[in-house]
Amino acid sequence: MALARRLAGGLHGHADDHSGGHVTAPRRYEHLATVAFLGRRRAVFDRLIALAGITAGERVVDVGCGTGYLTRRAAEAAGSTGHVTGVDPSAAVIAYARNAAPAWCDFHVAEGHQIPEPDESFDVAVSSLAVHHIDPLRRADTFVEMFRLIRPGGRLLIADYRPPRSGVANRLIGAIAGHAMQHNRVEKLAELATAAGFTLIGEGDLWPSLHYVQGRR
């Protein structure tokens, strides 16, 4: 088991499906994430909120919300006149996220391809560091589900881990974080978004190690 899996308390999932599994120890994961972003986690995630264009009064769904860090940043941007829904299959991280979130957030323990919300009920869908945790056979279905949930003209912002290009650094990431992060094909994010029906409106990298895509329904 890779070091990051041990630090996160073990990740529940199949070792052979090239996914990162589910985080089961949210407090340890939070400490690990703080270290990984070199003290700039809030600045990076606030940049994601800016890229998503979230404004006061909007309804936002955070798919693969984990401990709810991006959910809370989105809630701050949407304000109490808006609403943010976090979705994650891990009951442990949902419990953590629910306890830390403001009153205008709610949460579902659910897979990203089966979210119990009505069609076109959100203005924005966001997701951070989650796609590589999803079973590869379900990733396309998850993007289709986000398309279903977003109103016409609504927006998509997906960010995921971008592996280092250096062979030595990449092997180190494999030893620390496992196969899913070492071989994460972030170039596929745009393809998944457009195949689901979104129009790609932006794509780029954020320091230290994120790649993002922006879409519109």
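Using the structure shown, decide if residue 138 is touching a residue at least 12 places away in the same chain (Cβ under 8 Å), touching a His at 6+ places or on another chain (Cβ under 9 Å) and either surrounded by fewer than 23 Cβ atoms within 10 Å (Cβ to Cβ) or under 18 Å from residue 25 (Cα atoms) (or both). Even if it seems obvious, please write down each step before you answer.
Values: touching a residue at least 12 places away in the same chain (Cβ under 8 Å): yes; touching a His at 6+ places or on another chain (Cβ under 9 Å): yes; either surrounded by fewer than 23 Cβ atoms within 10 Å (Cβ to Cβ) or under 18 Å from residue 25 (Cα atoms) (or both): yes.
Yes: the conditions hold for residue 138.
Of all residues in region 43-74, which are over 18 Å from residue 150 (Cβ atoms) and under 15 Å from the mean Cα position of the chain (by Cα)?
Taking region 43-74 and keeping what is over 18 Å from residue 150 (Cβ atoms), we get 43-47, 50, 56, 66-69, 72-73.
If the condition is that a residue be over 18 Å from residue 150 (Cβ atoms) and under 15 Å from the mean Cα position of the chain (by Cα), then 44, 45, 46, 47, 66, 67, 68, 69, 72, 73 are the ones that fit.
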Within region 109-135, can you find the residues that are under 15 Å from the mean Cα position of the chain (by Cα) and farther than 14 Å from residue 88 by Cα?
124
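A short reminder: the numbers here are calculations on the coordinates, not readings from a lab. Values in this document were obtained by computation on a predicted structure and should not be read as measured data. So basically every Cβ, Gly included, is an ideal-geometry build from the backbone, and we count neighbours across all protein chains shown.
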